[in-house]
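Everything on this sheet refers to the single structure shown next.
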């Protein structure tokens, strides 16, 4: 561990630096007449302490691998982050960008978004996510460190810092993640808790009076309290340094502040949380803080001081580059592997060992095929890291011989998330945000997507290649009954932009689903997998999954009818087609494992699979019909379930709800 | 407070009673070859203690108002509950029912479901929900008690007991709810925590090593530990009595048990959590526990002892009936009001004060209309109880003059949930489960349905008339950007069975939306409300909302084109229709505030609104097109947003994404 360089400053410059944050926030929010000035004003001192005295980062290379990560979990306070990026010299946030705060096309949107602004590590705003993502960042760092660092050569070595507020601490997802982080002893995770006693509804006394530090202590965290976060920069810095020195536990530092500090009439009120100060109050704040500068004016001494970060950052990266060079010469194989990861390149032939299936092969549940896939390519894809939310032997997410990531065993790559679905998704996002080639995956039952969809939509929004292994994908799961049987969940997920939902119909399609999921590093994939077994199809093929939908089995000439199936219901379509064909109908069977990918194909291909002229179409999927009318129109039909399910053996459920060959045939015939 | 009657029993009968639970579970799960024997075997002693010595309930009247509520939060252990219901004499669970465990049409489904089995207070299974629902039950009890009890007459007075496991304690929703319960000081909420150290992935040591009692203490709970939950019934009973005596805080009793107690080879392993013991191990368990009875055989002394509950229950209810009669004579007005609530009758004319709007009235945001509605009918609808997840002044969920429900002020009916969306939904469910006429509502931003959809689907499944007030319902919310802008959320919610999603298009429709929501006591309603203002329409009417969709504005003869709009986009349709009409098109405008209700209308009505022959249709909604093809088919189109949004002023967002009159006109014309 090389200590981060620190700088002695005189307190006048410190004050200028801190107030520069405050007034950039005040001015930008006044100009846009929209935003959250309270947090930047209250947290400017701790931000100064962290960013000026502790944080190791390189403003001129926001992607430098070994930088400390900073997560603004209280994302509404984004003007704090934009001010920091600007003041420390990031090219991504100019003064002009700050003046465009919250405007169309700007790099300073209303909440921090990784895909808009280099230097933003994590997309935040929905409360509780950032701190949970940070747990994923810390896991990634610990894992790579344990894997690549040598007693004589350290190339992975950074902290993950978080700034969170009362809101983040009230959200259940952060409780789950903090409990997991405590269990795992993530010593390089340090959270600053902005204890300002104000949320939108007013004083936290109306709803949130728990002892937060005691709770984190119960999780196994190291906790500290800085009583005066408004002016005591030295105390904040000491607390951060003390937290860094505790390496076996994550740290929480409660920093008591005044929201909207400096505003004579609005400080310490909910009024300053989420609304512009207005011209008059901004002027009074200038007077109170003795700030004689104009709107968007940063005094030169502040710039000068802040921008020492550029030199420090360049030096830090240069020093790391030297370490890496030394590592490369001493450990060439490990270095090559490390650098492959950072380039995001998959190992050559990673998928070569995936099996191919014919109808003669025993039919298995797709969750079992998924297990076989993970165990076929997993050993040769060391960047794959993940686990399950306490359903390992149901989701079949384990890889033989891969041990559990635990405190002191961070090189292992199986993650026991506990019964914490929401945190699992957020942690997987965090691992992806680390942007170091790791491929995160996690399993639970499909229906429990409902517990984590808040984080899943962020996987999609932030273009994170997370793989969700969601088993027990229909009423076919049987006895557990309607609380566990998804009916609406596939529709829920398909409605999310930039998320691939793949429901493979046999062994080959499951292999293909993994090829798609592993190679899609800029969007998340949901694998919807069955509890129950199904046959392998004659014409399925792994590579066809990338097309989204394809003709599995055709008739001569133009079809009278097209049966469209997914997952376990594909075989029903094939059997119904046989019966209908025997009765003289020209029937095509289309397998549609991934609607989103099908829609990305060109019009000619889509027409070749689903000719516009053939309007008699039946979709068969043991799920809601919601969303399928796009393919069935007014003249088609679906064999679906638009109610909740019921508790009974899976085969009985499927039959009672109409998932039988006879009902598919009858539904098709009813179209005329 | 009348103490619950207790009974002295000799320990042999106690043992028979306890083992009756165990073997009913073992045998039923063996017969169905599916289920979770571990919990009933381990928790039988605490269940005996609670149900035999403490719980006040009347098996012959499961709906007796003043019964203690028992919530099996660890719902997978449902055979425990079915055994208890059977043994204590509920008619809903016969021995035959137990033999039909997890079979089609049985009253003993794989997880407890209120709508299948009288005596089941709460539908559980998805972990963490039950304990959170229990917080709602305790709020309901505290509220009604504070409102109706008199110094000389107590008619509302029961405890809410919960049995929860490690899984429930890991879920974030339970953390949120427990923090809220601690804040509110819900002294009559008592949770037994089955500390058995085993979850599906094995020992909790792999993921869950926090100090649970310390955490609850940090929330403000009273905590205790019973070290031997396997045999020390007296200690469990003492702990429950001690918890009852602590009236200013909720209580958690950690009871350390052995999962699958009695099974020589499977006890204390994950193997007994969720799989049948099998015939052989069941036999060995019989030997170990010296149980000489056959399958499904309950020894007579056990029945005799357990069924004293019937007499105790009848006496308890009779005594309460006397109290109620006395109350009725002393406080006739209050009694009438109390009994009205219990009958679930709305006050006559509750909606008489709802305003009516014409186009001349100022256009407001539907969230503002919602505020006006709540403030018009809320004062006259005292059973309305709710609040917001810390967005009161954004959701506009407050009712003037209604103060906050707080410790010591439980008669108040505004709930500050804090930034705890998931717990809010679960607590609202709990208030509805109390089944005492209360009408629960809660607000957050529409996009944060993603944080609580796990609980919302349970509102729908369990037929709970919760009202979700979800504002900021599209990209029209503007500057907060894509993390806060729902695009897929309406589709997510519409895909859930038995949930009404209403997106009103002006003032009259907002009033109508509340009429639907308040009168639908067996299904939840989502009100999707705008941040931004819109015009009032000439032909809108509150009562038309109940039709789901209706012709807002028609043309002469058969329309060439139908524009279908919802919410803020309804006015776009009207304006586009004007322009298209001026160009000679025959255009109908259909307002579709609630797709689900429209689909419940008869075919003739639906045909009258959307004639099958008119296939040129354009849906206009600032949301995903997902699901709308049911109405647009292959020949229609939609003006929708199928990507994420962006941060900019709302009007700019709407314009950039194509929500303009010009684009609606152009889209319509493109249909030919």
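What follows draws every value from the coordinates through simple rules; no lab data is involved. These figures come from a predicted structure and were not determined experimentally. Virtual Cβ from ideal backbone geometry, glycine too; neighbours counted across all protein chains shown.
Numerical summary
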| read-out | value |
| --- | --- |
| Helix-only CD estimate at 222 nm, as mean residue ellipticity for chain B, using -39500 (n - 2.57) per DSSP H run (n ≥ 4) | -12000 deg cm²/dmol |
| Cα convex hull volume per residue for the range B:412-452 (Å³) | 67 Å³ |
| Spread of Cα-to-Cα distances over 5 Å intervals beginning at zero, given as percent, for the range B:1-140 | 2, 11, 19, 24, 22, 14, 7, 2, 0 |
| Residues residue B:635 and residue A:554, FRET efficiency given R0 of 30 Å [Cβ-Cβ distance, rounded to 0.05] | 0.70 |
| Fraction of beta bridges assigned by DSSP in the protein assembly as shown that are antiparallel (%, nearest 5) | 15 percent |
| Long-range Cα-Cα pairs in the range B:217-295 (distance over 15 Å), rounded percent | 65 percent |
| Relative counts (whole %) of C-alpha pair distances in the range B:286-415, using bins that are 10 Å wide | 9, 22, 22, 15, 13, 12, 5, 1, 0 |
| Relative contact order (percent, whole number), chain B, Cα cutoff 8 Å, 6+ residue spacing | 12 percent |
| Within 10 Å of each Cβ in A:292-302, the average number of Cβ atoms from other chains | 0 |
| Directionally averaged shadow of the range A:562-672, computed from the convex hull of its alpha-carbon atoms, nm² | 7.0 nm² |
| DSSP-defined beta bridges in the range B:148-277 - what % are antiparallel, rounded to 5 | 15 percent |
| Near-label residues of the range A:249-284 by backbone N, under 20 Å of a point 7 Å along Cα→Cβ of residue A:231 | A:255-269, A:284 |
| Shape of the range B:377-487, Cα gyration tensor, a/c cut at 1.5 | oblate |
| Label point distance in nm, residue A:375-residue B:543, each placed 7 Å from Cα along Cα→Cβ | 6.7 nm |
| For residues of A:497-503, the mean tally of beta carbons on other chains within 10 Å | 2 |
| Inter-label distance for residue B:214 and residue B:295, nm, one decimal - labels placed 7 Å from Cα along Cα-to-Cβ | 4.8 nm |
| For residues of A:639-646, the mean tally of beta carbons on other chains within 10 Å | 3 |
| Distance-filtered residues of the range B:515-535 - backbone nitrogen under 19 Å, label point 7 angstrom along residue B:582 Cα→Cβ | B:535 |
| The range B:40-87 - convex hull of the alpha-carbon atoms, volume per residue in Å³ | 77 Å³ |
| Length gained when the stretch residue B:463-residue B:605 is fully extended (0.36 nm per residue, less Cα-Cα span) | 48.5 nm |
| q = 0.05, 0.06, 0.10 Å⁻¹: log10 I(q)/I(0) that the Debye formula gives for chain A, counting C-alpha atoms only | -0.27, -0.38, -0.92 |
| Kirkwood hydrodynamic radius over Cα pairs of the range B:166-279, then Stokes diffusion coefficient at 37 °C and 0.692 mPa s, in µm²/s | 218 µm²/s |
| Rounded FRET efficiency, nearest 0.05, which uses the C-beta distance separating residue B:203 from residue B:519 and R0 of 45 Å | 0.35 |
| Where a label projected 7 Å from the Cα of residue A:409 along Cα→Cβ would reach, residues of the range A:143-157 with amide N under 20 Å | A:143-149 |
| For the range B:80-150, radius of gyration divided by Kirkwood radius, i.e. Rg to Rh on alpha-carbons | 1.09 |
| Cβ crowding within 10 Å averaged over residues, with A:181-187, B:568-574 ranked highest first | B:568-574, A:181-187 |
| Computed Kirkwood radius, in angstrom, where 1/r is averaged over Cα pairs of the protein assembly as shown | 32.1 Å |
| Rough spin-label spacing in nm, given labels placed 7 Å along Cα→Cβ, for residue A:614 and residue A:303 | 6.7 nm |
| Cα pair distances of the range B:61-186 binned at 10 Å [whole percent] | 13, 39, 31, 15, 2, 0 |
